[in-house]
Amino acid sequence: MKAFISWSGGKESCLSCYEAMQSKDIEVSYLLNMISEDGRRSRSHGISVELLRVQSEAMGIPILQIRSSWEDYEKRFKRAVLELKEKGIEAGIFGDIDLEQHRAWVERVCKEMGIKAILPLWGREREDILKEFINLGFEAIVVATSFDKNWLGRKIDKKFLQELKTLEEIDLCGENGEYHTFVTDGPIFKKRIKILETKIVNQGKNLFLDILSYFIEVK
């Protein structure tokens, strides 16, 4: 069964992609990435369109990037799914953990489009998700935060997890927008992304890490 993955470039996308790939019945054929109306950044995490294409190249999976506003997000998402169905796609993979309104939207939209919704991480403990991500050898950094600018650029590793666990009212996976990540390497990557230069950008309540230069390295 050919599937697309709803792609943000972050840790849950990557881990759910990995989990789906462990099934002999699923072939992850496309990354579906919703981007801003100006075509510059991802709609969810604020990652540059160029870097998401670099991820696609590093993974060896083609990416379909669709511009949208929040108002027409569903309409454009459905249009993209129709395009993918014409290429033989039968399922969509999503990295949601336990937000019921997200699952309800995913399942409704997939049902309306005649495809199967797959949520590999659903119902799992957040600490278990982060531990598996780290233990599998994925590498990621924090590229957006609404909490602490010192998090920007931090690697997602055991030290980071232990520090998160000491903080009150912080969702370990950043499900309330505390932080977002960009994955640079892992078991589903054929090449790794090496980051050379970054800068911090302040946008209202959120801080972003702009990746200014990088190179792709053969593993």
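The values are calculated or read from the model by the stated rules, or taken from the named source; none is laboratory data. Given the structure is predicted, the values throughout are model-derived calculations rather than measurements. Every residue, glycine as well, gets a Cβ built from its backbone with ideal geometry; the counts of neighbours run over all protein chains shown.
Listed values, structure above:
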read-out	value
Residues of segment 66-97 classified as closer than 19 Å to S42 by Cα and among the β-branched types (V, I, T), total	3
Test: residue in segment 90-99 that is assigned by TED's automatic domain parsing to the domain that holds C14 and more than 19 Å from the chain's Cα centre (by Cα)	yes
Selection status of N176, part of a loop (DSSP other than H, G, I, E, B), without any contact (Cβ under 8 Å) to a residue 24 or more places away in the chain, among the polar types (S, T, N, Q) and out of contact with any helix residue (DSSP H, G or I) (no Cβ under 8 Å at 6 or more places or on another chain)	yes
Filter result (exposed (fewer than 14 other Cβ atoms within 10 Å of the Cβ) and over 22 Å from K11 (Cα atoms)) within segment 84-118	E86, K87, G88, R108, K111, E112, G114
From L207, L196, L152, residue being aliphatic (A, V, I, L, M), touching a helix residue (DSSP H, G or I) at 6+ places or on another chain (Cβ under 8 Å) and farther than 26 Å from E19 by Cβ	L207
Extreme residue, surrounded by the fewest Cβ atoms within 10 Å (Cβ to Cβ), among residues of segment 12-27 that are over 15 Å from the mean Cα position of the chain (by Cα) and among the charged types (D, E, K, R)	K24
Filter result for L64 (outside the structural domain of R192 (by TED's automatic domain parsing), in contact (Cβ under 8 Å) with a residue 40 or more places away in the chain and farther than 26 Å from R192 by Cα)	no
Qualifying residues in segment 120-142 (those that are assigned to a loop (DSSP other than H, G, I, E, B) and out of contact with any strand residue (DSSP E or B) (no Cβ under 8 Å at 6 or more places or on another chain)) - the one surrounded by the most Cβ atoms within 10 Å (Cβ to Cβ)	L121
Inter-residue pairs, beta-carbon under 9 Å, first closer than 25 Å to C173 by Cα and in segment 97-122, second among the polar types (S, T, N, Q) and not in a loop (DSSP other than H, G, I, E, B), 6+ apart	V106/S6; I118/S16; L119/S16; P120/S16; L121/S16
Failed item, numbered, when H102 is tested on (1) assigned by TED's automatic domain parsing to the domain that holds F208; (2) under 19 Å from the mean Cα position of the chain (by Cα)	(1)
Candidate set: segment 32-83, residues that are basic (K, R) and within 19 Å of V109 (Cβ to Cβ); chosen: the one surrounded by the fewest Cβ atoms within 10 Å (Cβ to Cβ)	K75
